[in-house]
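**Q** Quick one: this structure, given as C-alpha cells, is what I'll be asking you about.
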Amino acid sequence: MDRNRRDDAQPRDNYLEKLVKLNRTAKVVKGGRRFSFSALTVVGDRAGMVGFGFGKANDVAEAIRKSIDKARHSMVRFPTKNGTIPHDVIGEFKATKVYMKPACPGSGIIAGGPVRAIMEAGGVTDVLSKCVGSRSSVNIVRAVFSGVDNLMDAKTVAKNRGKTIKDLWG
C-alpha cells in the first residue's frame, strides 16, 4: 500500500471514518488572506451505529479531528434487516428530502456521496436512495439522519401495537 496516498476512510478502533466534505474559506485581512477549514465526517462501526460531525479550524487536520470527535459523540442506532433498511423512509431537513428504500440482496448501495458514506459506515449493503431539493452535503447528511430517526425495527413496531413479533410477521 502506498504510504503517501491519503485515504478518506480510515478505520480506527474498529470505526469507519469517512470524510464527506472539506471546505476552505478565506477571510481577507490587512496582510492578505487568512484561510480556515470546515470538515464534515461520518463515523460508524459497520454494525448499526453511525454518527456525523462538523468541525471548523484554521488547520485541515484539526478540523477533521474535531469533526470526528463530534461524530463519535453523536452516534445513533441504525436499524438494519438483512443488510438493508427495514422499510421506506423519507428524511427531510430544510429544502432537502432524501428518499430511502430497502433493496434486495446484491443490489448494492445506490446512492450519492454523502448518503453512500452514511450507509457504508452504518453497515447497510443494499439500499436505494434519491436526493431531492438542496444538494448541500451538510443538508443531505442531516436529512438522512432525520430519516434514520424515523426508522423502526420489528421489535419496536410489535411493542407499539401490543403484539408479539410472531403475530406481526405471521
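**Q** Considering just Cα atoms, how many Å³ per residue does the convex hull of the stretch 9-76 enclose?
**A** Considering the Cα atoms of the stretch 9-76, their hull volume per residue is 69 Å³.
**Q** Over the stretch 6-90, what relative contact order in percent results from Cα pairs under 8 Å that are six or more residues apart?
**A** The value is 22 percent.
**Q** Can you tell me the relative contact order of the chain? Whole percent, Cα pairs under 8 Å, sequence separation 6 or more.
**A** Details: 363 pairs, mean separation 30.7, N = 170.
With pairs under 8 Å counted, the relative contact order is 18 percent.
**Q** Placing one identical point scatterer on every Cα of the stretch 78-153 and ignoring solvent, what is log10 I(q)/I(0) from the Debye formula at q = 0.13, 0.18 Å⁻¹?
**A** Relative scattering, expressed as log10 I(q)/I(0), comes to -0.30, -0.59.
**Q** Hey, in the GNM for the chain with a 10 angstrom Cα cutoff, which one of Lys130, Lys94, Lys21 fluctuates hardest?
**A** Lys94
**Q** Cross-link list Lys66/Lys94; Lys81/Lys166; Lys130/Lys159; Lys18/Lys81: which exceed 19 angstrom alpha carbon to alpha carbon?
**A** Check vs 19 Å cut-off fails for Lys66/Lys94; Lys130/Lys159; Lys18/Lys81.
**Q** Now for a separate question. When the chain is treated as a GNM, springs tying every alpha-carbon pair under 10 Å, which of Lys66, Lys155, Lys30 comes out with the largest mean-square fluctuation?
**A** Result for the chain, Cα springs under 10 Å: Lys30 fluctuates most.
**Q** Among Cys104, Cys131, rank each residue by its count of other Cβ atoms within 10 Å, from fewest to most, as a rough exposure measure.
**A** Least crowded to most crowded, the residues run Cys104, Cys131.
**Q** Non-local amide H neighbours of Met49 (under 5 Å, H modeled in plane, Pro and chain starts lacking H): which ones?
**A** Residues meeting the amide H criterion: Phe78.
**Q** A follow-up question, please. Express as a percent, rounded to the nearest 5, the fraction of DSSP beta bridges in the chain (both residues included) that run antiparallel.
**A** Working: 40 of 42 bridges.
Among the beta bridges of the chain, antiparallel pairing accounts for roughly 95 percent.
**Q** Another question, if that's okay. Can you sort Glu120, Glu92 from fewest to most other Cβ atoms within 10 Å of each residue's own Cβ? List each step's numbers first, then the result.
**A** On the way: Glu120 19, Glu92 16.
Ascending number of Cβ neighbours within 10 Å: Glu92, Glu120.
**Q** Here is a further query. With N denoting the number of residues in the chain, provide Rg(C-alpha) divided by 2.2 N^0.38 Å, to two decimal places.
**A** Scaled against compact globular proteins, the figure is 1.18.
Any read-out appearing in this document is the output of simple, stated calculations on the displayed coordinates, not a laboratory observation. What you see is a predicted model, and the numbers here were worked out from it, not measured in a lab. Neighbour counts run over all protein chains shown; Cβ positions are idealised from the backbone, glycine included.
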